[in-house]
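Read the structure below first, then the notes.
The values are calculated or read from the model by the stated rules, or taken from the named source; none is laboratory data. In this text the structure is predicted, and so the values were computed from the model without any measurement. A quick note on method: Cβ atoms are made from the backbone with ideal geometry, for glycine too, and the neighbour counts reach across all protein chains shown. Remember, those area values only see protein heavy atoms, side chains included, never the ligands or the DNA or RNA. Shrake-Rupley method; radii C 1.70, N 1.55, O 1.52, S 1.80 Å.
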Number of protein chains: 4
Amino acid sequence: MVNVGIVGATGYTGEELIDILLNHPNARVTSISSRSGTSQKISEIFPKFTNRTDLTCDPINVKEINKSCDIVFLALPHTVSMDLVPNFLKAGKKVIDLSADYRIKNLKTYEKYYQLKHKDAENVPMAVYGLPEIYRLKIRDARLIANPGCYPTVAILSLAPLVAFGLVDLDSLIIDAKSGVTGAGRKLAEGFLFSEVNDDFKAYKVGTHQHAPEIDQELSKLAGKKTKVTFVPHLLPLNRGILATIYVNKSQAALRKKQSLIELYKKFYKKEPFVRIKEEGNFPRLKDVAGTNFCDIAVHDSGDKIIVIGAIDNLLKGASGQAVQNMNIICGYPETAGLL
Amino acid sequence: MVNVGIVGATGYTGEELIDILLNHPNARVTSISSRSGTSQKISEIFPKFTNRTDLTCDPINVKEINKSCDIVFLALPHTVSMDLVPNFLKAGKKVIDLSADYRIKNLKTYEKYYQLKHKDAENVPMAVYGLPEIYRLKIRDARLIANPGCYPTVAILSLAPLVAFGLVDLDSLIIDAKSGVTGAGRKLAEGFLFSEVNDDFKAYKVGTHQHAPEIDQELSKLAGKKTKVTFVPHLLPLNRGILATIYVNKSQAALRKKQSLIELYKKFYKKEPFVRIKEEGNFPRLKDVAGTNFCDIAVHDSGDKIIVIGAIDNLLKGASGQAVQNMNIICGYPETAGLL
Amino acid sequence: MVNVGIVGATGYTGEELIDILLNHPNARVTSISSRSGTSQKISEIFPKFTNRTDLTCDPINVKEINKSCDIVFLALPHTVSMDLVPNFLKAGKKVIDLSADYRIKNLKTYEKYYQLKHKDAENVPMAVYGLPEIYRLKIRDARLIANPGCYPTVAILSLAPLVAFGLVDLDSLIIDAKSGVTGAGRKLAEGFLFSEVNDDFKAYKVGTHQHAPEIDQELSKLAGKKTKVTFVPHLLPLNRGILATIYVNKSQAALRKKQSLIELYKKFYKKEPFVRIKEEGNFPRLKDVAGTNFCDIAVHDSGDKIIVIGAIDNLLKGASGQAVQNMNIICGYPETAGLL
Amino acid sequence: MVNVGIVGATGYTGEELIDILLNHPNARVTSISSRSGTSQKISEIFPKFTNRTDLTCDPINVKEINKSCDIVFLALPHTVSMDLVPNFLKAGKKVIDLSADYRIKNLKTYEKYYQLKHKDAENVPMAVYGLPEIYRLKIRDARLIANPGCYPTVAILSLAPLVAFGLVDLDSLIIDAKSGVTGAGRKLAEGFLFSEVNDDFKAYKVGTHQHAPEIDQELSKLAGKKTKVTFVPHLLPLNRGILATIYVNKSQAALRKKQSLIELYKKFYKKEPFVRIKEEGNFPRLKDVAGTNFCDIAVHDSGDKIIVIGAIDNLLKGASGQAVQNMNIICGYPETAGLL
């Protein structure tokens, strides 16, 4: 049994962490906190937790959290996490940070996309990118997890087999991604009002989204050389889920050999409990992954191009579910504990 | 041809007024203004007006508006309208006020429900309640129209025939109303975020909504004695439309005579272009009224009770469409001009 | 550990039973079947079960089911269940029937509303109405559970305290109910197409819905005399959830004594794990109950009237969740097992 | 004033044609018909037309239609239109066919994608592809209009300037398109039920959609050589609108010269009333085009790639609106008549 703290409990990913961890067979939630000033029962903030827990959501108090928790989840906005992380690390706590603060290894890139000087450069190098399907062994021993972004999770899992085996032209990676609204957090902006989003659909941050360099960083590592993604995110009129349709050109190597891409993907993800490869002619849909920690992937051979379609729940495999999966790995619990 | 000004153009009802009036065969929009500080093309604020108009939305300037307009529409929040109305009236303009400021004749009631002392008590008595089906003759000569609220429009039209003919117990008027989100205006509050409203449904302001006294005021006038409505509004996960399901007890008079309520309603609304009475066994649905100025009504005889179901588009018959209908009456244009 | 069979697995309630029971700590799903002709992996029918189970959905074979199961869930359409129930009962199996076939004790009423002569009149009297909050003791020893309808579940739970204590006029029970689309099952009718339901809202079966006599039957039992509900269901543009707004007149007894209705409700449902009473000024919303087995209830004192608002997930507390709750009671498991 | 007939009135495009043409200043609807067997007031089929028209929808009777109409709109399913077209042409009527039957010039391609031998090969060559922005002059004198498909309309308009001026590599045209549900017509299939589409998103017909060859046919004509599109359509949980995100590689010519793509597009569509080019940093959204005949286009220079985003209302610019635009051209009316 591990004692966990959830810092930043009132956002969507915090709410989701509470939901998962209250039912987790090996975890005990011992601290819930947020940046708001007063203490309040979490079931008053989120009435859906009534009859499930009497825990209180308190102002963030590092000392108290260090006293009661073994693992700390930070579900805070980008640029806020890095103020707190050093304090938990110093106290010997394991930290799973859901923000972007420790994901980008190149601080210049971080500072360009997040428009802020990094305040904890020292701990960035030791942070492990928490994508279990790629970094499971490192996660096991990590002290600080940089939990991946939602778009990067689905993009990297969808492209990893092709990139790792040199089957695609690394300059031609086109990622057309569509996300539900919770991806933006509980943000009070006119663009997220129901009357604006309902019956609407649009692209946003075309060519400027901060997840593009995160995807490039990880794909480049897998490929052994620089990749260049063209990434266009869109906003779907629904709450949960990301579906990415990815278009790539085959490399010379891929054009030469005849092989079943589906078999390749199945083999690559053979032992993965949360990656499901679709059979020929079948494609992911958000309904199948919403509310789950699964990533569904279809790969379609289209002559000189390959079309890959991946789908996840942005709040689960794209955030809180993956965070708990990382906790399970760190603690040596079954990787699916609390997540099926 | 009448020159019209739209004050408060950036809210939903203002946007809707622009949309209707740009296509109106007898109106010329000569001024668009809002409380924001700078001038900007309206097609930059609402890109959907691109290629339709080059008009600019300017800061509100009473003098300029009085110079260029014959009729002024005020699509402003409650409590803001009454600051401006006297200035337009003094200049001899006709004013159609979409706010609640001149609807409630009893100032104490107004002040209780809108939590503010009325600042233009003088002009309240002369304001005509702009429900054409009831007050057409008075509207014709009005200088100031208090355009009805969205809930009151559908509630009053649904109940008027029963109340006017003494067919119902006036203490037993139960109005269970369900509204789309635009009813609340373009309000930046967490409760109106897409992720909060989508897949959700709930009652709000149970027993305290400010439209209840407005409904009671008008029904009491029709009945010749005091009515008492029980009014519960709900929030629907859709943009446009209000459907009200109304339950009333038959009066002794109604219980005595056998009569077809549907025929009664058809006769009552015989010459009305925008009221449509459903045949037996048919009931309104929002889709049939959304985007239109119609009010669809079904009346169902259920023994000692009567069930009435009414439906409108809250932004049209419940606001901007009705405002233009009032303008048509004032100007002597065909009542449906620009509205079919 | 109990072996369970799910008959009628391809509808919404069947799908939901599989979802719950695959994760239930005390149940083992040993048979999944449907009326379609061939065997197929359930994960091919519902890809979301991929990686969760390898079970096959087979044509219904009573003998095989009797061999492998202790408890049989029937998630079949009304009028189909009664063909099968006797076969399972004869084999000594416990049966939880989600259809309406054994709910209505008066066969004439059944035949009027379901338009069919009952084919298993013999077993109707022994069927226990599976509403645990009212019939827990009987459920414990039942051989056949008539699992309640979705609307009746929320209506009865919302009214039970008032009716049981004689606080309301039994002729004045007005139930204005709004349901998500899954309440109708996976029915292929034009009225349930996305393009028809999205952005729409309407009443249906006004005064003729088959759940009205079910509600009256149960409330009459609680009251000790006949009740008469006025019941109008509506179709919401969302998938899951029912919210009922209920209007009743206080009885003379209630008018005489001053008492807190909220306290009364809290006491009445004190030990119930799945009923949550809202505090003053708070009201249920579908989001809080969707995906859960909870029933949230608010009771509002409005002078001579009482307004009660209840909310459930129609597929869980209104169907499959309640069915599993009944199974837990029958088997002596914790009542919340698999349901929190 | 032109007399028009609408054949196939009960589908979404037929309903839309009625809506537009009832309000058209120069058209008189003289015949409404459908394949169903009996005559019925159109306002009984679509209650929203109550108080707007008393026209009857009759079984299709070619003789009667030829007697009362000058122009015939066919809003029929593919493969049904070609049975009727010759009869209207022989009678000297102008025909605007909204089906795909006369769009594809290569009959083998038609037969491959629509799985049926063409029954009116003779009239295919004379049919004019009804995209006014490209074929306005030919449309003026056409006797038979093949009204474009919804996806092709937005795809061709979005790519025409680039393809016509040789600015893109013609093998690299990737069209990622997302459509609302009405694009599929009023089709009774499980996949189009509200409970299946709501909260869902998915790709379909990946690499096999029948609109791909239609797009290639028209782009090849513009380019003067063969193009090859990669086309992946997706289903959005909303009723109306298509947004296509298009990725292309610049040609050598384009890489050499520095030019503003936005200016190029503005010039290309300078006189077009229904094409609107977005300014730098602005992108189309479905809300701006839904309910209109506009096509909004953004073009984004991304180094060696160009990203184009186009949006239309699939039922208007993608079907019935464009059909009326074609009628306006044929009749010499202002092209925007009835469409703004």
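Quick rundown of the values:
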{"read-out": "The one condition in (1) buried (at least 21 other Cβ atoms within 10 Å of the Cβ); (2) touching a strand residue (DSSP E or B) at 6+ places or on another chain (Cβ under 7 Å); (3) hydroxyl-bearing (Ser, Thr, Tyr) that A:Ser195 fails to fulfil", "value": "(2)"}
{"read-out": "The range B:314-340, subset among the hydroxyl-bearing types (Ser, Thr, Tyr) and not in a helix (DSSP H, G or I), residue farthest from the chain's Cα centre (by Cα)", "value": "B:Tyr333"}
{"read-out": "Residue among D:Asn61, D:Asn23 that is open to solvent by 30 Å² or more (accessible area, probe 1.4 Å) and within 14 Å of another protein chain (Cβ to nearest Cβ)", "value": "D:Asn23"}
{"read-out": "Selection within the range B:139-157 - assigned to a helix (DSSP H, G or I) and more than 17 Å from the chain's Cα centre (by Cα)", "value": "B:Arg140"}
{"read-out": "Criterion: in contact (Cβ under 8 Å) with a residue 40 or more places away in the chain, surrounded by fewer than 16 Cβ atoms within 10 Å (Cβ to Cβ) and over 21 Å from the mean Cα position of the chain (by Cα) - qualifying residue of A:Lys226, A:Lys257", "value": "A:Lys226"}
{"read-out": "Criterion: within 30 Å of A:Asp288 (Cα to Cα) and open to solvent by less than 20 Å² (accessible area, probe 1.4 Å) - qualifying residue of C:Ile18, C:Ile104", "value": "C:Ile18"}
{"read-out": "Residue check, B:Gly332 more than 22 Å from C:Gly207 (Cα to Cα), in contact with a strand residue (DSSP E or B) (Cβ under 9 Å, 6 or more places away or on another chain), more than 14 Å from chain C (Cβ to nearest Cβ) and not acidic (Asp, Glu)", "value": "no"}
{"read-out": "Matching option when the condition is facing another protein chain (nearest Cβ under 9 Å), open to solvent by 10 Å² or more (accessible area, probe 1.4 Å) and either under 17 Å from the mean Cα position of the chain (by Cα) or aromatic (Phe, Trp, Tyr) (or both), among D:Ala290, D:Ala311", "value": "D:Ala290"}
{"read-out": "Out of A:Leu157, A:Leu188, A:Leu193, sole residue that is in contact (Cβ under 8 Å) with a residue 12 or more places away in the chain and not assigned by TED's automatic domain parsing to the domain that holds A:Asp97", "value": "A:Leu157"}
{"read-out": "Residues satisfying the stated conditions in the range B:238-254, i.e. open to solvent by 10 Å² or more (accessible area, probe 1.4 Å) and at the interface with chain C (Cβ under 10 Å from one of its Cβ atoms)", "value": "B:Asn239, B:Arg240, B:Asn249"}
{"read-out": "Among (1) in contact with a helix residue (DSSP H, G or I) (Cβ under 7 Å, 6 or more places away or on another chain); (2) facing another protein chain (nearest Cβ under 7 Å) - the single one D:Val232 does not satisfy", "value": "(1)"}
{"read-out": "B:Cys69 closer than 26 Å to D:Glu272 by Cβ and among the hydrophobic types (A, V, I, L, M, F, W, C)", "value": "no"}
{"read-out": "Of all residues in the range B:272-283 being closer than 14 Å to D:Ser43 by Cβ and within 14 Å of chain C (Cβ to nearest Cβ), the one that is least open to solvent (accessible area, probe 1.4 Å)", "value": "B:Lys278"}
{"read-out": "Qualifying residues in the range A:193-205 (those that are in a helix (DSSP H, G or I) and at the interface with chain D (Cβ under 10 Å from one of its Cβ atoms)) - the one farthest from A:Ala254 (Cα to Cα)", "value": "A:Ser195"}
{"read-out": "Meets criteria (charged (D, E, K, R) and either more than 14 Å from chain A (Cβ to nearest Cβ) or crowded, with 22+ Cβ neighbours inside 10 Å (or both)) for C:Glu263", "value": "yes"}
{"read-out": "Members of the range A:198-215 found to be modelled with pLDDT of 95 or more, open to solvent by 30 Å² or more (accessible area, probe 1.4 Å) and either among the aromatic types (Phe, Trp, Tyr) or on the phi < 0 side of the Ramachandran plot (or both), listed by number", "value": "A:Lys202, A:Tyr204"}
{"read-out": "Candidate set: the range C:35-46, residues that are open to solvent by less than 40 Å² (accessible area, probe 1.4 Å) and not polar (S, T, N, Q); chosen: the one farthest from A:Cys295 (Cα to Cα)", "value": "C:Ile42"}
{"read-out": "Residue in the range B:252-267 that is in contact with a Leu (Cβ under 6 Å, 6 or more places away or on another chain) and over 17 Å from B:Asp169 (Cα atoms) present", "value": "no"}
{"read-out": "Subset of the range A:123-137 (residues that are open to solvent by less than 30 Å² (accessible area, probe 1.4 Å) and aliphatic (A, V, I, L, M))", "value": "A:Val124, A:Ala127, A:Val128, A:Leu131"}
{"read-out": "Residue check, D:Tyr269 hydroxyl-bearing (Ser, Thr, Tyr), in contact with an Asp or Glu (Cβ under 9 Å, 6 or more places away or on another chain) and open to solvent by less than 20 Å² (accessible area, probe 1.4 Å)", "value": "yes"}
{"read-out": "Those residues of the range D:167-192 which are basic (Lys, Arg) and closer than 20 Å to D:Ala100 by Cβ, in sequence order", "value": "D:Arg186, D:Lys187"}
{"read-out": "Extreme residue, nearest to the other protein chains (Cβ to nearest Cβ), among residues of the range C:138-192 that are charged (D, E, K, R) and surrounded by 24 or more Cβ atoms within 10 Å (Cβ to Cβ)", "value": "C:Asp176"}
{"read-out": "Any chance A:Ile306 is touching a residue at least 24 places away in the same chain (Cβ under 8 Å) and either in a loop (DSSP other than H, G, I, E, B) or over 26 Å from C:Asn23 (Cα atoms) (or both)", "value": "yes"}
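So that you can scan it fast, the table gives a plain yes or no per residue for (1) under 24 Å from the mean Cα position of the chain (by Cα); (2) part of a loop (DSSP other than H, G, I, E, B):
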{"site": "D:Ile18", "(1), (2)": "yes, no"}
{"site": "D:His24", "(1), (2)": "yes, yes"}
{"site": "D:Ser33", "(1), (2)": "yes, no"}
{"site": "D:Ser36", "(1), (2)": "no, yes"}
{"site": "D:Glu44", "(1), (2)": "no, no"}
{"site": "D:Asn51", "(1), (2)": "no, yes"}
{"site": "D:Asn66", "(1), (2)": "no, no"}
